[in-house]
Amino acid sequence: MMTDRDNDENAPNARSKSSPNAGEAKQRQRVLGERLREMFEDVVNEPIPDDFLKLLEQADEKAANTDDKSE
Amino acid sequence: MVTPETDLQSDEAEFKSELVALIPHLRAFARSLCRNVATAEDIAQEAVMKAWSSRKQYTRGTNLKAWTFMILRNHFYSLKRRDWRQADWDQEHAERTLVSPSSQEDTLRIDELRRAMNRLPDEQREALILIGGGGMSYEEAAEICECAVGTVKSRVSRARKALETILETGDFSSEDDGVAAHDAMAQIMTDADRIARGSAD
């Protein structure tokens, strides 16, 4: 079975289409894309710190109080 | 029967739950923009509070994610502009270590990537983060950065090329100079030591 990596480095038809450097560049960009995604997703997957939810709760209470007063 | 008041309340509850759902993404965006973890966390919190307090300006049915990301982005840049302690923003100075060029595929580490990204101009970095990291569409990124879709595309493309060069050459700014300077200083000290000993004899 042929993976993208094999294709970039060894496949003759890849070489005829583009230079070996272009294949390498494509490979680099693929790795770059994966890492970028990983960098972002690592943080997305962290649990939300309690501070955030507390802040929103406080803001909620404050808003409720102001609404009461204004009405 | 639904009164306008309960309508408003359910709107707010809906807004809030959507906002809470976006918190992980806002944190990730802040962390990508600003490598100081504590500062990034503050920025994300402040962005969430800003979004909450300006919720009446949000048009229902429009893209809340793009809207909140735009708030975070604007907040980040206003703080960055205001803060004269640039070191807080450009963590590369504090975190620089010797890195060999990552010529082998799959050896790119996230810390390397982060440092390389710090070398990019702001507008290229943010475009790459939004598209490549956050998986946003070009249209969403354009909305967030308040620029044309074509501009986002060209920024992403330039960012990718620049990153490739940085990673290929291992050129993390004056890192090598730092090492060279360190070596030179060590050499001077050795020389001075030898001369001092020589003259003492």
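The values are calculated or read from the model by the stated rules, or taken from the named source; none is laboratory data. Note that the structure is predicted; figures quoted are calculated from it, not measured. Note that each Cβ is placed from the backbone with ideal geometry, even for glycine, and that neighbours are counted across all protein chains shown. Calculation scope for accessible area: heavy atoms of the full protein, side chains included, ligands and nucleic acids excluded. Shrake-Rupley method; radii C 1.70, N 1.55, O 1.52, S 1.80 Å.
List of remarks:
- For the residues B:Arg31, B:Arg81, the requirement of being of a type in the set (Lys, Arg), under 25 Å from A:Leu36 (Cβ atoms) and either assigned to a helix (DSSP H, G or I) or open to solvent by less than 50 Å² (accessible area, probe 1.4 Å) (or both) singles out B:Arg31.
- Residue within segment A:43-53 that is away from chain B (no Cβ under 11 Å), modelled with pLDDT of 85 or more and either under 30 Å from the mean Cα position of the chain (by Cα) or open to solvent by less than 100 Å² (accessible area, probe 1.4 Å) (or both) present: yes
- Residue that is nearest to A:Ala22 (Cα to Cα), among those in segment B:140-161 that are touching a residue at least 12 places away in the same chain (Cβ under 8 Å) and among the basic types (Lys, Arg): B:Arg160
- Of all residue pairs spaced 6 or more apart or on separate chains, those with beta-carbon atoms under 7 Å, a first member in segment B:108-121 that is at the interface with another protein chain (Cβ under 8 Å from one of its Cβ atoms) and a second member that is acidic (Asp, Glu) and open to solvent by 10 Å² or more (accessible area, probe 1.4 Å) are B:Ile110/A:Glu38.
- Residues of segment B:40-70 that turn out to be surrounded by fewer than 20 Cβ atoms within 10 Å (Cβ to Cβ) and among the β-branched types (Val, Ile, Thr), as a count: 2
- Of the residues making up segment B:18-46, those that are touching a residue at least 60 places away in the same chain (Cβ under 8 Å) and at the interface with another protein chain (Cβ under 7 Å from one of its Cβ atoms) number 3.
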